[in-house]
Amino acid sequence: MGSMFKARRKSSMEMTEKKIQSLEDPRTKYPQPPFVKQPQAVPGLASKMDPVPDHGEKTYKGTGRLTGRRALITGGDSGIGRAAAIAYAREGADVVIGYLPQEQSDADEVLALIEEAGRNGFGISGDITSESFCVELVAGAVKKLGGIDILVNNAGHQQAVDSLADISSEGFDMTIKTNIYAPFWITKAALPHLEPGSVIISTSSVQPYDPSENLFDYAQTKAANVAFVKSLAKQLGPKGIRVNGVAPGPVWTPLQTSGGQPQNAIEEFGKATPLGRPGQPAELASIYVQLADNSGSYATGQIYGAAGGSGHP
Ligand code: NAD
Ligand code: MG
């Protein structure tokens, strides 16, 4: 009897020890500026960045929060979408990632990590500025996963241009097509498959709330993403489908180094935030998990910020 009690006490002490998390100073947890200039052609590869971003490859630990769920994540090869894909798989979900053909090597790394997590991962490459491809992407995801209950509209296009006078119609069109039309086409195709309890998550930005002067077209599209979330949440609430968004501040991803910022701004990227550095994609993953998890069931029509101390919401 005495020894059983002792054994029980030891295991509870061990559990307590495991629960202790050492404090991590958010200012110094990740690389700080200055960074080196590192131009890449659009869409850019995460593997070529210096330093290579942290998408949670070595750190994200799942606890089964999304076991058996089926997620489609656009732009899941790199950046914020990759962090969400890794986290979802480690939480027990099967995941389809969408990306451009030029990003196959980044995508392959993510698919290997999903398989390593013991889940099914599939890649579907193609250009979401085409409506017919958006329809194919959703149909392909439904086929591979046997359905969809998490849709993450995350792919995005951002090119900094100093003057409105220098934004070409082609450039404007590319930003609008990628950031506004594609989520519309993809969501429209996915809706018939979404049952009550399913979720839609959009990656917006701080840009709708505090737009940069050189992101005139992009900021407008990210404002449209906020309206998408707030309108669709009202439309789909009565159907039991939740719609939320994430508004990141500066995050270290290929979107930024491939023209999202001018190269001199890359050197100082994130310095102006109160934390003094850019966010890493891994630091946003748990927000995407929370918004997909059944435990977040009263959150719909919300925008969750993660911006290092400045910006809204
Ligand atoms: P990222 O470059 O890693 O991801 C963007 C992805 O979009 C690419 O990987 C690509 O696969 C996809 N994409 C772009 N054009 C496409 C097209 N025509 N067809 C198919 N896929 C296409 O960069 P990220 O920063 O992780 O971007 C993800 C989202 O985060 C974007 O919506 C972006 O607007 C938003 N965001 C980023 C930041 C930041 O500082 N990095 C801040 C706020 C919001
Ligand atoms: Mg990419």
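Read-outs throughout are calculated quantities, based only on the coordinates presented, and are distinct from any laboratory measurement. Note that the structure is a prediction, hence the values are computed from the model and not measured. Positions of Cβ are generated from backbone atoms using ideal geometry, with glycine treated the same way; all protein chains shown enter the neighbour counts.
Net charge near Leu113: determine it from the other residues with C-beta under 11 Å of the C-beta of Leu113, scoring Lys and Arg +1 and Asp and Glu -1. Can you show the working numbers first?
Numbers: positive: Lys58, Arg82, Arg90, Arg119; negative: Glu57, Asp108, Glu109, Glu115, Glu116.
Neighbour charge sum, excluding Leu113 itself: -1.
Give the residues of segment 210-251 whose amide nitrogen is closer than 18 Å to a point set 7 Å from the Cα of Leu164 in the direction of its Cβ.
Residues 210-224 fall inside that zone.
Students often get this wrong: which residues of segment 231-275 have the backbone nitrogen under 19 Å from the point 7 angstrom along Cα-to-C-beta of Asn294?
239-243
Would you mind estimating how fast the chain diffuses translationally, via Stokes-Einstein at 10 °C and 1.306 mPa s with the Kirkwood radius over Cα pairs, in µm²/s?
Numbers: Rh = 20.0 Å.
Answer, rounded: 79 µm²/s.
Convert each backbone phi in segment 264-279 into a coupling constant with the Karplus relation 6.51 cos²θ - 1.76 cosθ + 1.60 (shift: θ = phi - 60°), then list the ³J(HN,Hα) values in order as whole Hz, x for Gly and Pro.
5, 6, 5, 4, 10, 4, x, 4, 6, 6, x, 7, x, 7, x, x
Give me the net charge for the shell around Val36: Cβ to Cβ below 14 angstrom, other residues only, Lys and Arg +1, Asp and Glu -1.
Numbers: positive: Lys37, Lys48; negative: Asp50, Glu267, Glu268.
Spelling it out: positives minus negatives among the neighbours equals -1.
Provide Leu151, Leu164, Leu100 in ascending order of the number of other Cβ atoms located within 10 Å of each residue's Cβ, fewest first.
On the way: Leu151 29, Leu164 11, Leu100 17.
Placing the least packed residue first, the sequence is Leu164, Leu100, Leu151.
Rounded if a/c is under 1.5, else prolate if a/b beats b/c, else oblate: with a ≥ b ≥ c from the C-alpha gyration tensor eigenvalues square-rooted, which is segment 41-145? List each step's numbers first, then the result.
Numbers: a/c = 2.28, a/b = 1.08, b/c = 2.11.
It comes out oblate by the Cα gyration axes.
Return the sequence-ordered ³J(HN,Hα) values of segment 53-61 in whole Hz as given by the Karplus equation 6.51 cos²θ - 1.76 cosθ + 1.60 applied to θ = phi - 60°, using x for Gly and Pro.
x, 9, 9, x, 3, 9, 10, 5, 10
Run the helix sum for the chain: -39,500 (n - 2.57) per DSSP H stretch of 4+ residues, divided by residue count, reported at 222 nm to the nearest 500 deg cm²/dmol.
Numbers: 9 runs with 109 residues, N = 313.
Rounded to the nearest 500, it is -11000 deg cm²/dmol.
Dipole magnitude of segment 113-235 about its Cα centre, charges +1 at Lys/Arg Cβ and -1 at Asp/Glu Cβ only, in debye to the nearest 20?
Values: 8 positive and 14 negative charges, 121 e Å.
Result for segment 113-235 is approximately 580 debye, rounded to the nearest 20.
For Asp94, what is the net charge nearby, where nearby means another residue's Cβ is under 15 Å from its Cβ and Lys, Arg count +1, Asp, Glu -1?
Values: positive: Arg65, Arg69, Arg70, Arg90, Arg119, Lys143, Lys144; negative: Glu91, Glu115, Glu116, Asp149.
Neighbour charge sum, excluding Asp94 itself: +3.
Determine the shape class of segment 103-145: with a ≥ b ≥ c the square roots of the Cα gyration tensor eigenvalues, call it rounded for a/c under 1.5, and otherwise prolate if a/b is greater than b/c, oblate otherwise. Kindly include the intermediate steps, with their values, before the conclusion.
Values: a/c = 4.89, a/b = 1.60, b/c = 3.06.
Oblate is the answer for segment 103-145, as a/c is 1.5 or above yet b/c matches or exceeds a/b.
How far, in nm, would the chain grow between Lys61 and Ile20 when pulled straight, counting 0.36 nm per residue and subtracting the alpha carbon separation? Walk me through the numbers on the way to the answer.
Details: separation 41, 0.36 × 41 = 14.76 nm, distance 1.50 nm.
Length gained between Lys61 and Ile20: 13.3 nm.
Quote the charge dipole size of the chain about the Cα centre in Debye, to the nearest 20; the model charges only the Cβ of Lys and Arg (+1) and of Asp and Glu (-1). Provide the component values of the computation, followed by the final result.
Working: 29 positive and 32 negative charges, 342 e Å.
The calculated dipole for the chain is roughly 1640 debye.
Jot down the per residue volume, in cubic angstrom and as a whole number, of the convex hull over the alpha-carbon atoms of segment 154-313.
Taking the convex hull of the Cα positions in segment 154-313, it is 109 Å³ per residue.
List the lysines whose Cα lies under 16 Å from the Cα of Lys58, skipping any in the same chain that are fewer than 8 positions away.
Lys29
Could you tell me which residue out of Gly240, Gln290, Ala160 lies farthest along the dipole of segment 64-306 toward its positive end? Charges go on the beta carbon: Lys and Arg +1, Asp and Glu -1, centred on the Cα centre.
Farthest towards the positive end: Gly240.
So if we plug the beta-carbon distance of Lys29 and His312 into 1/(1 + (r/R0)^6) with R0 = 25 Å, what FRET efficiency do we get, rounded to 0.05?
Values: r = 23 Å, r/R0 = 0.93.
The pair Lys29/His312 has a calculated efficiency of 0.60.
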